[in-house]
Amino acid sequence: MNMSGKIYLPENSLFVRKKDLFAPLTNLAALALLVAVLCLTVTKNATVNLIWTCSVFALMAASLNITMGFMGQLALGHMGFMAVGAYLGTLVANCFKGSGVFSSASDAGYLPVFFLCILAGGVGAALIGFVVGMPALRLKGDYLAIITLGFGLIVTNVLNNIAGSVLYREKCGLYITGKLQVKFLPLIVLIAAGCLALMYNFIHSRYGRALKSIRDDSIAASASGLNISFYKVFGFTFSAFFAGVSGVLYAASVSSLTTSSFAFSNSSIYNSIFIVVMVVLGGMGSLTGSVVAGVGMVALNNAITKIPAGVPVLGALAKYPMLLYALVLIVFVLFRPRGIFGTREVSLYRALCNLPHFAKTMPARIRALKKQKSPETEGKTDE
């Protein structure tokens, strides 16, 4: 505590001050509450799947943004971490299901196992991220992109060879069926919002500021005494953890897992290129942008896939949606390289703080507007 009475945390603290943490928690809590209320009113399976998928991709895009936006490293194999989390979480669920802890998602024993699977998937992906990041992050630019691309291909091939015999459809214990998805949807949204709050907390902590300084000028950061290798590996591992969590959330929404769903590029939206497009469109360095782009791209893809094939031009887009996303990416790189939000964040907390001042000055604003519309009233004073 200094003479002014302010309390400062130690410099090596991972978390930001309570005053700084209250803003993102307010934003995310309000957003999660709003979406949770909407989820409670949802009954159609198609709408449930859409909201579920939006939550998964918003979390996935935000996790990749830590690597691309805040670390400045191009990674093309981020879906590999999602695959590790999905398969590891499903394997843990299968073990508990086989031992009789639960038989379906409606049992009381499913929920504790579900949270354990989330933790296992995240930790497993983080460990793989640490192992990959140790040698890979010594490189940068195109070389790092090639290494991460190779990692994604290796993961899908390894899982295809060793996991096929233990993760077949009948034993996919994480799968939440039918009407139970409606009940679990608010929980999925709250989990995604909580993970976003942790990421926001991280990038505004000492570690996040170190990553941004390394991104802007690694030579100056090294001269300042920062251990560049440590912070890069730490940020990469942190990003991989939440990619693994998103994989577990995805695994809970499908009846069976296939490695083709996590390929570098495929006909579905579950590929690394689609996630990179989300990060670029939203803004590299903005978690808000990642969330908005993730939700928007999933909603757009859902609308495109419903276009009849006989419709001119639009029918071709429905058949080849990745072509449209590639064109959108090219346009944004040429004319809006910073993305929609750039590095800005939308703060509901600031809006609420400014609300009393806005309400107090509103009468004066209205009077000024009326004077502009009525020139004959100029010069008169209010009684």
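The values are calculated or read from the model by the stated rules, or taken from the named source; none is laboratory data. Note that the structure is a prediction, hence the values are computed from the model and not measured. Please note: Cβ atoms are built from the backbone with ideal geometry, for glycine as well, and neighbour counts cover all protein chains shown.
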Query raised in the report: Counting only residues that are assigned to a helix (DSSP H, G or I) and in contact (Cβ under 8 Å) with a residue 60 or more places away in the chain, which one in segment 96-112 is surrounded by the most Cβ atoms within 10 Å (Cβ to Cβ)?
Result: LYS97
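Considering ARG206, ARG215, which residue is among the charged types (D, E, K, R), crowded, with 18+ Cβ neighbours inside 10 Å, in contact (Cβ under 8 Å) with a residue 40 or more places away in the chain and within 21 Å of ASN65 (Cα to Cα)?
On the way: ARG206 fails: crowded, with 18+ Cβ neighbours inside 10 Å.
Going through ARG206, ARG215 in turn, just one is among the charged types (D, E, K, R), crowded, with 18+ Cβ neighbours inside 10 Å, in contact (Cβ under 8 Å) with a residue 40 or more places away in the chain and within 21 Å of ASN65 (Cα to Cα): ARG215.
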Report summary line: If we ask which residues in segment 55-72 are more than 9 Å from the chain's Cα centre (by Cα) and among the polar types (S, T, N, Q), their number turns out to be 1
Requested in this report: Can you tell me which residue among LEU369, LEU327 is modelled with pLDDT of 80 or more, surrounded by fewer than 14 Cβ atoms within 10 Å (Cβ to Cβ) and out of contact with any helix residue (DSSP H, G or I) (no Cβ under 8 Å at 6 or more places or on another chain)?
Outcome: LEU327
Report task. Would you be able to say whether some residue in segment 123-138 is surrounded by 21 or more Cβ atoms within 10 Å (Cβ to Cβ), under 26 Å from LEU50 (Cα atoms) and modelled with pLDDT of 85 or more? Result -> yes
Query raised in the report: Being farther than 20 Å from ILE188 by Cα and of a type outside the set (Asp, Glu), is that true of even one residue in segment 79-86?
Result: yes
Requested in this report: Sort out which residues of segment 141-152 are surrounded by fewer than 15 Cβ atoms within 10 Å (Cβ to Cβ) and either in contact with a Leu (Cβ under 9 Å, 6 or more places away or on another chain) or not hydroxyl-bearing (Ser, Thr, Tyr) (or both), and write them in order of number.
Outcome: GLY141, ASP142
**Report entry** For GLY294: the one exception among (1) surrounded by 11 or more Cβ atoms within 10 Å (Cβ to Cβ); (2) at pLDDT 75 or above; (3) farther than 28 Å from ALA46 by Cα
**Finding:** (3)
Report task. Evaluate the following for LEU9: is it at pLDDT 50 or above, surrounded by 12 or more Cβ atoms within 10 Å (Cβ to Cβ) and either of a type in the set (A, V, I, L, M, F, W, C) or touching a strand residue (DSSP E or B) at 6+ places or on another chain (Cβ under 9 Å) (or both)? Result -> no
Query - Residue, nearest to GLY285 (Cα to Cα), within segment 63-82, restricted to residues that are among the hydrophobic types (A, V, I, L, M, F, W, C) and not in a loop (DSSP other than H, G, I, E, B) - result: PHE70
